[in-house]
Structure formats: structure tokens, C-alpha cells
Amino acid sequence: MARELADPTPALDKIVCEAIAPLHEFLGKLVREIVGDRLGETELRRCVYSIVSQCLFYRHSHPVLQRLHPELRYDSKEIAAIGEHIVEFSLAGIKHIAHS
């Protein structure tokens, strides 16, 4: 999938329809449950992008992060901690935006 995203072919449409769009729709519904009608569609979409971006950062930046912090290991404990951080950080940001 990473190769397809870096150098798209016609297969990207299938990947988007079958894998990426359902995830974005699911996250959008979760964010909408949190904020109700206080966010427009554009702001809601940006919140979803921010959540996905945090996850992708940890995945795709792993080689750089290990060079910055050689002790870093993505074991199950660290992955859970990263997930909790993304949830906490994202919820705080979403709630702040919704109340602005």
C-alpha cells in the first residue's frame, strides 16, 4: 500500500474504496459522536486527517525515531502507550475546537 501511495497506479482507486474510505468514514462518525453539530464537515474531516496522520507518523517515521531514540522499541506496551497518547491528544484537540 505504501508503494501505491508513493507512486499511484489505477489500483489506488480500489485501495481507497475498499480500505481507506471505510476507515475515514468510521473515524468521522466517532468524531461526530463527540462533537455533535458543533463542527462543520471541513473541520470534521480535518480532525479525521489529524488522527490518521498521527498513526501514520509513528509507522512511517520509525527508522528516524529509532535513530533519535535508539532505546525505542515498538513492542506491545509501547504501541498501547502510543495509542493512548493519540486518543488523549486527539480528544483534547477535538473538544477544544468544538468549544471554540
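The values are calculated or read from the model by the stated rules, or taken from the named source; none is laboratory data. Small disclaimer: the values here were computed from a predicted structure and weren't measured. With ideal geometry, Cβ positions are generated from the backbone for all residues, glycine too; neighbour counts draw on all protein chains shown.
When the stretch 32-78 is filtered for residues that are over 21 Å from Met1 (Cα atoms) and β-branched (Val, Ile, Thr), the ones remaining, listed by number, are Ile34, Val35, Thr42. The number of residues in the stretch 58-100 that are in a helix (DSSP H, G or I) and among the hydroxyl-bearing types (Ser, Thr, Tyr) comes to 3. For the stretch 11-18, the count of residues that are acidic (Asp, Glu) and touching a residue at least 40 places away in the same chain (Cβ under 8 Å) is zero.
Per-residue answers, yes or no, for (1) surrounded by 11 or more Cβ atoms within 10 Å (Cβ to Cβ); (2) of a type outside the set (Lys, Arg); (3) in contact with a Cys (Cβ under 7 Å, 6 or more places away or on another chain); (4) modelled with pLDDT of 90 or more:
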{"site": "Ala2", "(1), (2), (3), (4)": "no, yes, no, no"}
{"site": "Pro10", "(1), (2), (3), (4)": "no, yes, no, yes"}
{"site": "Leu23", "(1), (2), (3), (4)": "yes, yes, no, yes"}
{"site": "Leu27", "(1), (2), (3), (4)": "yes, yes, no, yes"}
{"site": "Leu30", "(1), (2), (3), (4)": "yes, yes, no, yes"}
{"site": "Asp37", "(1), (2), (3), (4)": "no, yes, no, yes"}
{"site": "Thr42", "(1), (2), (3), (4)": "no, yes, no, yes"}
{"site": "Arg45", "(1), (2), (3), (4)": "yes, no, no, yes"}
{"site": "Val52", "(1), (2), (3), (4)": "yes, yes, no, yes"}
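Please determine whether any residue of the stretch 67-81 is small (Gly, Ala, Ser) and either within 23 Å of Ile20 (Cβ to Cβ) or in contact with a strand residue (DSSP E or B) (Cβ under 9 Å, 6 or more places away or on another chain) (or both). Taking every residue of the stretch 67-81 in turn, none turns out to be small (Gly, Ala, Ser) and either within 23 Å of Ile20 (Cβ to Cβ) or in contact with a strand residue (DSSP E or B) (Cβ under 9 Å, 6 or more places away or on another chain) (or both). Within the stretch 71-100, which residues are in contact (Cβ under 8 Å) with a residue 24 or more places away in the chain and basic (Lys, Arg)? Hit for the stretch 71-100 is Lys95, nothing else. Those residues that are over 13 Å from Lys95 (Cα atoms) and assigned to a helix (DSSP H, G or I), I need them from the stretch 26-47; list them, please. Hits for the stretch 26-47 are Phe26, Leu27, Gly28, Lys29, Glu41, Thr42, Arg45, Arg46.
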